[in-house]
Amino acid sequence: MSKITIDKINKIISGRCPSPIGYYRFYSVLVPLVEKDNQIHVLYEVRSELLLHQPGEVCFPGGAMEEGETEEECAIRETCEELGIKADTIKITGQLDTLYTYSNFVMYSFLGVIPYEELIKGIPNKEEVKEYFLVPLKYLMEKSPYIYKMEVVPDIKSDFPYDIVNFKEGYNWRKGRGEVPIYSYEDKVIWGLTARITKRMVEIIKGEEGGGAKLVLK
C-alpha cells in the first residue's frame, strides 16, 4: 500500500458526495393540494389490499427513490404512477421537511398542486391504490391531532461484549423519543408517518415554526 499523505487525502475527500453512515432506504412523497368547490383540500390515498406492506392504510402518493433520480422526481413519478395523471399537471410548490426514522429510512416530502379537473381524469392504479379522498385543509388547520408519545429503547442482548468496551457493569444506552399523531376525518384515520408529515405541513403553513407567513383560510 502506498504512503498516505495529506495531498492524497485531499484528493479522496474533495468533491466526494457525503452519504449516511449505515444502511438507509430513501423515499419521497407528494402532499397534493387540490382546489374543489373554491376550497383547498389535501389528497390522501388508501393503500390497496393487494400490497404486502401496510395494506389498507392511509398514505400520501410516493415510494422508494430509484437510482439516478432526485427526491422531487421520485415524488412526481410515484404520484403519476399511482393516480394515473401526467407529470405536467403537477405544480410543485416547494419541499417540505424531511422525516428521519429510527427504522433506517428517510422520507422526503414535497407540497404540490393538482388541478381537480386533471385529477378526476386519471385512472388510479388499483394494484397500489384502493381509493383516494380529499380532506379540507381548513379542517386540518383547525383540528389538532391526538398525539401518542413513545420512547425508542435499544434492545441490547446479554451477549454484548461489555468487557471489551470496559463497561463490565453495563452501559446507559441512549434512548430516542417519537410521537404518533392521529387525525380522524369522517370514516378515515390518518396516522403515523403520514400524520407526522401532515402535522408538520400544517405548522409550516400556519407559521408556527421558522417565522413563516401565516395563511388565513376563508
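Some points to look at:
- Projected label distance in nm at LYS91 and ARG16, using a 7 Å step from Cα toward the beta-carbon: 4.3 nm
- Size of charge dipole - segment 22-206 - debye, nearest 20, with Cβ of Lys, Arg +1 and Asp, Glu -1, no other charges: 720 debye
- Once the Cα-Cα distance is subtracted from the 0.36 nm per residue extended length, the SER103 to ARG25 segment shows a gain of 27.1 nm.
- Charge tally for GLU82 (other residues, Cβ to Cβ under 9 Å; Lys, Arg +1; Asp, Glu -1): -4.
- Counting DSSP beta bridges with both ends in segment 22-206, the antiparallel % (nearest 5): 80 percent
- Projecting the Cα atoms of LEU51, VAL180, CYS80 onto the charge dipole of segment 22-206, computed from C-beta unit charges around the Cα centre, puts VAL180 farthest toward the positive end.
- Per-pair calculated FRET efficiency, R0 = 45 Å: SER2 and VAL189 via Cβ, rounded to 0.05: 0.15
- Separation of alpha-carbon centers, segment 181-202 and segment 138-161, rounded to whole Å: 14 Å
- Computed FRET value (nearest 0.05) for ILE164 with GLU73, which takes r as the C-beta separation and R₀ as 41 Å: 0.35
- Averaging the sequence gap over all C-alpha pairs within less than 8 Å and six or more residues apart, then dividing by the number of residues, gives segment 120-190 a relative contact order of 36 percent.
- Karplus (6.51, -1.76, 1.60) ³J(HN,Hα), θ = phi - 60°, over segment 113-119, in Hz, Gly and Pro reported as x: 10, 10, x, 4, 5, 7, 4
- Structure-derived Cα extents along the principal axes in Å: which label, when the choices are (i) 53, 43, 38; (ii) 67, 43, 43; (iii) 54, 32, 31: (ii)
Values in this text are rule-based calculations from the coordinates and carry no lab data. The structure displayed is predicted, hence computed values, not measured ones. As a convention, Cβ positions derive from the backbone with ideal geometry for all residues, glycine included, and neighbour counts pool all protein chains shown.
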